[in-house]
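> This structure is in structure tokens; I'll ask about it shortly.
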RNA sequence: GGGCACGUAGCUCAGUCCGGAAAGAGCGUCGGACUUCUAAUCCGACGGUCGUGGGUUCAAAUCCCAUCGUGCCCGCCA
């Protein structure tokens, strides 16, 4: 409803400005501070003062007079407060908000008939997912959810690097070493924990093995890469045996978040179908192409990039960037827009790709990157190859364990007599534990650096998931107590919606809550435009504050509450439930029915 | 050395893109509230030269310039 109100205010203000012969290019629309009653304001009078030859408050007054609030649906009144114009919401604004928000899909925006591919995670299939890159699936999944909710047709892709030197090395190590060569046991009973040991021992061997043997190994690795390059089926199968196994394990880990994908797109796909060769041929034709030191490169200085981009090695093999160009052209053959979630260390590479795609004739306006800074340990970087780092599995296990302890601790002093059984405790431990980890990461701006510390990552207090989840549980508790099903649209249940009267919600707490609910679609719209899911997290926190104020001040089911007020408040609770459930689901945080 | 990002309360962060209403949360500290729909909650107090210095503007945490600190990047790696 907020979006409609804003559109209405903009139109009215623009008309008023035109009528008074003022410029209409900047309406100065803004959201007022909390202690102001209006839902929308304008500071346009400041800018008009000199032109009007009158002080801002007078200009504001003239503008307010020239807008007739009676002609507006969602605005009841226009007040001036000094130089500011304040637009106060009408009864219709509240009534329509209450009505639309009792639908369980509240907040979902209209279909935009635009497809978008969100590529995220894309971690090399070399071993267990560690916390250093855990930001990627968590942010990526939230961005995908957000775009979906905002009306886009979304596919989620994981780009599998199965053609690089790392994977060739892994394949060689896997084929060369035996279980008996390994000095350690797998840290966990899942395939990637088993196989990463070969990768690590292989890398160690290449670093300080006997010189002649290392040379032979390098030659073998080189031949695997040449095989892949020439589309040799045998090389592909050898590599696949490693890649597919490791990837299936990593997939298992990511499903715990859960982060799921529509497609795992392999790099080799673009070698096997010759798209990469085609890209190479076209790159050679570019004015920027040079053949230097026996390698083909692109000079991108004129495009603001100092370093040359090598796209064909002197041995004739392609590079990651070359294949990624073919990959991106394929994306735009199949989707209207493409979004990639990337670590900040890939920023330069992303710029090179974008610039080069443009040179190849792809319009890159619809290609956007979300960059996040890596999570490091206090003692330094995490590395799969060296085996330093905290596994995401361990973090999730620990989070669930701690959440379980919390539930059990609280069991004794519960007031509510709802008998949580073992399944409930386990369910809550999972929802809260994993929710807390995700919320902690998704609620911060991705560009901020994070140093991983256990205590901080597992802090359930603070402004964390459980705080917001608790509000959802409270909503469900009230609805269930009233004999309603929280998961179902209110309209489909045994409650007189027609008789529902938003006017009965007259306390400040009720009005504030309803105003906050009204903003959800606008928040989703803007967060989706900006690709910033943390805006949703900020919103959930504010929403929870508002709901708790309502909860404190407005009993719903108490005996002395008038029947009609009770119905109106129940509707408000149902609307709140859908609002918080949907906002949390965008963040990938589960909304518990009880906790 | 060059490029990019970040710097807001003791700590963790919103707000910065798009300048406007005496800077907002949470944690921590201190003091209060459970015969009432779940106290993982709520109420109150304390806490700030928005890194620093200039500039633009009626108005700057927000825009511009400079500077300091931290991180990332500058491979025929991915």
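The values are calculated or read from the model by the stated rules, or taken from the named source; none is laboratory data. Source: prediction; values computed, not measured. When we count neighbours, we look across all protein chains shown, and the Cβ atoms used for this are built from the backbone with ideal geometry, even at glycine.
> For the range A:79-118, what are the residues that are more than 27 Å from residue A:341 (Cβ to Cβ), in a strand (DSSP E or B) and in contact with a strand residue (DSSP E or B) (Cβ under 6 Å, 6 or more places away or on another chain)?
Passing the criteria: A:79, A:84, A:85, A:86, A:87, A:88.
> Still on this structure: Could you list, in sequence order, all residues of the range A:144-199 that are under 30 Å from residue A:524 (Cβ atoms) and touching a strand residue (DSSP E or B) at 6+ places or on another chain (Cβ under 6 Å)?
A:144, A:147, A:148, A:152, A:153, A:154, A:155, A:156, A:157, A:158, A:159
> Next question. Do the conditions hold for residue A:51, that is, is it at pLDDT below 95 and either away from RNA strand B (no atom under 13 Å from the Cβ) or not in a helix (DSSP H, G or I) (or both)?
No.
> For residue A:393, are the conditions met, namely being free of Cβ contacts under 8 Å to residues at least 24 places away in the same chain and more than 11 Å from RNA strand B (Cβ to nearest atom)?
Spelling it out, it is not the case that residue A:393 is free of Cβ contacts under 8 Å to residues at least 24 places away in the same chain and more than 11 Å from RNA strand B (Cβ to nearest atom).
> May I ask you to list the residues in the range A:476-496 that are within 9 Å of RNA strand B (Cβ to nearest atom) and in a helix (DSSP H, G or I)?
In the first step, residues of the range A:476-496 are kept if they are within 9 Å of RNA strand B (Cβ to nearest atom); the result is A:476-482.
Within the range A:476-496, A:476, A:477, A:478, A:479, A:480, A:481 qualify.
> Look through the range A:445-475, keep the residues that are free of Cβ contacts under 8 Å to residues at least 40 places away in the same chain and in a helix (DSSP H, G or I), and return whichever of them is farthest from residue A:539 (Cα to Cα). Let's see the steps before the verdict.
Step one: list which residues in the range A:445-475 are free of Cβ contacts under 8 Å to residues at least 40 places away in the same chain, which gives A:455-456, A:459, A:461-462, A:464.
With the extra rule that they be in a helix (DSSP H, G or I), the set shrinks to A:455-456.
Details: A:455: 25, A:456: 22 Å.
So, considering only residues that are free of Cβ contacts under 8 Å to residues at least 40 places away in the same chain and in a helix (DSSP H, G or I), the one farthest from residue A:539 (Cα to Cα) is A:455.
> Let me ask something additional. Taking the range A:396-405, which residues are over 24 Å from the mean Cα position of the chain (by Cα) and away from RNA strand B (no atom under 11 Å from the Cβ)?
Selection gives A:401 alone.
> Would you mind finding the one in A:552, A:566, A:511 that is within 8 Å of RNA strand B (Cβ to nearest atom), at pLDDT below 95, over 26 Å from residue A:444 (Cα atoms) and part of a helix (DSSP H, G or I)?
Working: A:566 fails: within 8 Å of RNA strand B (Cβ to nearest atom); A:511 fails: within 8 Å of RNA strand B (Cβ to nearest atom).
Only one candidate qualifies: A:552.
> Same structure again: Can you pull out the helices (runs of 4 or more DSSP H) entirely within the range A:201-305 that have at least 1 residues that are in contact with a helix residue (DSSP H, G or I) (Cβ under 6 Å, 6 or more places away or on another chain), away from RNA strand B (no atom under 14 Å from the Cβ) and not assigned by TED's automatic domain parsing to the domain that holds residue A:179?
Because the criterion is at least 1 residues that are in contact with a helix residue (DSSP H, G or I) (Cβ under 6 Å, 6 or more places away or on another chain), away from RNA strand B (no atom under 14 Å from the Cβ) and not assigned by TED's automatic domain parsing to the domain that holds residue A:179, the helices (runs of 4 or more DSSP H) in the range A:201-305 that meet it are A:275-285.
> Something else now. So if I check each of A:542, A:506, A:532, which one is surrounded by fewer than 19 Cβ atoms within 10 Å (Cβ to Cβ) and within 12 Å of RNA strand B (Cβ to nearest atom)? It would help to see each step written out before you state the result.
Numbers: A:506 fails: within 12 Å of RNA strand B (Cβ to nearest atom); A:532 fails: surrounded by fewer than 19 Cβ atoms within 10 Å (Cβ to Cβ).
Every option except A:542 fails the conditions.
> Looking at A:557, A:572, can you tell me which residue is under 21 Å from residue A:594 (Cα atoms), in contact (Cβ under 8 Å) with a residue 24 or more places away in the chain and part of a loop (DSSP other than H, G, I, E, B)?
That would be A:557, the only listed residue that is under 21 Å from residue A:594 (Cα atoms), in contact (Cβ under 8 Å) with a residue 24 or more places away in the chain and part of a loop (DSSP other than H, G, I, E, B).
> Right, something else. Please enumerate the residues belonging to the range A:303-352 that are buried (at least 17 other Cβ atoms within 10 Å of the Cβ) and without any contact (Cβ under 8 Å) to a residue 12 or more places away in the chain.
A:319 - this is the single residue of the range A:303-352 that is buried (at least 17 other Cβ atoms within 10 Å of the Cβ) and without any contact (Cβ under 8 Å) to a residue 12 or more places away in the chain.
> Scanning for something under 33 Å from the mean Cα position of the chain (by Cα), modelled with pLDDT under 95 and surrounded by fewer than 21 Cβ atoms within 10 Å (Cβ to Cβ), does the range A:293-302 turn up at least one residue? Show your work before the answer.
First, pick out the residues of the range A:293-302 that are under 33 Å from the mean Cα position of the chain (by Cα): A:300.
Retained after the next criterion (residues that are modelled with pLDDT under 95): A:300.
Okay, now just the ones that are also surrounded by fewer than 21 Cβ atoms within 10 Å (Cβ to Cβ), so A:300.
For the range A:293-302, residues under 33 Å from the mean Cα position of the chain (by Cα), modelled with pLDDT under 95 and surrounded by fewer than 21 Cβ atoms within 10 Å (Cβ to Cβ): present.
> Same structure again: From the list A:60, A:16, A:45, pick out the single residue that is without any contact (Cβ under 8 Å) to a residue 60 or more places away in the chain, surrounded by 20 or more Cβ atoms within 10 Å (Cβ to Cβ), away from RNA strand B (no atom under 15 Å from the Cβ) and within 30 Å of residue A:508 (Cβ to Cβ).
A:16
> For the range A:21-42, enumerate the residues that are over 23 Å from residue A:73 (Cβ atoms) and either away from RNA strand B (no atom under 14 Å from the Cβ) or touching a helix residue (DSSP H, G or I) at 6+ places or on another chain (Cβ under 6 Å) (or both).
A:21, A:22
> Only one of A:450, A:428 is over 27 Å from residue A:547 (Cα atoms) and within 9 Å of RNA strand B (Cβ to nearest atom); which?
So the residue among A:450, A:428 that is over 27 Å from residue A:547 (Cα atoms) and within 9 Å of RNA strand B (Cβ to nearest atom) is A:450.
> Additional query: Being touching a residue at least 60 places away in the same chain (Cβ under 8 Å) and surrounded by fewer than 17 Cβ atoms within 10 Å (Cβ to Cβ) is true for just one of A:68, A:103, A:111. Which residue is that?
Only one candidate qualifies: A:103.
> Looking at this structure, is residue A:369 in contact with a strand residue (DSSP E or B) (Cβ under 6 Å, 6 or more places away or on another chain), at pLDDT 90 or above, surrounded by 15 or more Cβ atoms within 10 Å (Cβ to Cβ) and assigned to a helix (DSSP H, G or I)?
So residue A:369 fails the test.
> Here is a check on your reading of the model: is residue A:356 modelled with pLDDT of 95 or more, over 23 Å from the mean Cα position of the chain (by Cα) and surrounded by 16 or more Cβ atoms within 10 Å (Cβ to Cβ)?
Yes.
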